[in-house]
């Protein structure tokens, strides 16, 4: 079972976990004091954007700590690849890193463009070039390992500035056998990660640890919010799709998040299985460029506005992010 693998990984790979961070797990266990109580199984697909993190790869002595973590957990993931990241540092080693990701049986490779361009800004022709450039190496590596490159995710989840731009790009993706990939839950892990990195740069490990714990707690709280929202909308739990990034924060804390989600009753599924949920066959009713959750895109505008205002505020991380970036 995934829970056994994840917990075992925590114990053997994070020596400080058992001594200093055990209370993180203890606090989660207290929410379910009767371990024999039957809890409805909820399901989530984990998707990771901006792979591979070649800067962290170089800093860690040419190993991916996040990939090593997932090797131990054996949780299925879909990785959205920016081939432009291969140009940072030693390209041959970076290409090997990308292949290390793609060859794993639990990994589904996907296109995230070459240069992470914003569609509503660059327009159709330039964005198509970025998509095509972003598949040149990935497609061949996927084929080498008997995998298909079928999924695509827009950088910033910017599907286009209006309905005309969105329809035009969706037709291109469909004609080229790509599936535009949604998400239902994300918690601005990139923002948590920026603050986390900043504290580590300043040598403040305690504040960095505080941010890591906050990320785990706020993400679990956000899962509860969206599960409740979907139950209200559809009368049941839906297959969730979680969006996070290849960053140092997840290198250090994704294992705790996965364990916490399992304690909340989640099973981990691949993206193919998640997308089989009929909720993903609905029309997208949102024609603006902002990267909001598909849970909101499926709603009518008036309903969307009132519901979004109730979403958890992520522990005030935005204020801390702006403060740290101003001081940088």
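The values are calculated or read from the model by the stated rules, or taken from the named source; none is laboratory data. Because the structure is a prediction, the values reported are computed rather than measured. No Cβ is skipped: glycine too gets one built from the backbone with ideal geometry, and neighbour counts run over all protein chains shown.
The single condition among (1) in a helix (DSSP H, G or I); (2) touching a residue at least 12 places away in the same chain (Cβ under 8 Å) that residue 160 does not meet is (1).
Of all residues in segment 36-92, those satisfying the criterion of being assigned to a helix (DSSP H, G or I) and touching a strand residue (DSSP E or B) at 6+ places or on another chain (Cβ under 8 Å) are 66, 70, 85. Put simply, of 210, 218 the only residue that is without any contact (Cβ under 8 Å) to a residue 40 or more places away in the chain and touching a helix residue (DSSP H, G or I) at 6+ places or on another chain (Cβ under 9 Å) is 210.
Taking the criterion of being over 25 Å from residue 270 (Cβ atoms) and free of Cβ contacts under 8 Å to residues at least 24 places away in the same chain, the residues of segment 127-157 that qualify are 129, 130, 132. Residues of segment 234-251 that are touching a helix residue (DSSP H, G or I) at 6+ places or on another chain (Cβ under 8 Å), surrounded by fewer than 21 Cβ atoms within 10 Å (Cβ to Cβ) and free of Cβ contacts under 8 Å to residues at least 60 places away in the same chain: 234, 236. Scanning segment 163-179 for residues that are in a loop (DSSP other than H, G, I, E, B) and either at pLDDT below 95 or under 21 Å from the mean Cα position of the chain (by Cα) (or both) yields a single hit, 178. Scanning segment 180-205 for residues being within 23 Å of the chain's Cα centre (by Cα) and part of a helix (DSSP H, G or I) gives a total of 12. Screening residue 318 with (1) in contact with a helix residue (DSSP H, G or I) (Cβ under 9 Å, 6 or more places away or on another chain); (2) under 30 Å from residue 234 (Cα atoms); (3) exposed (fewer than 15 other Cβ atoms within 10 Å of the Cβ) gives one miss only, at (2).
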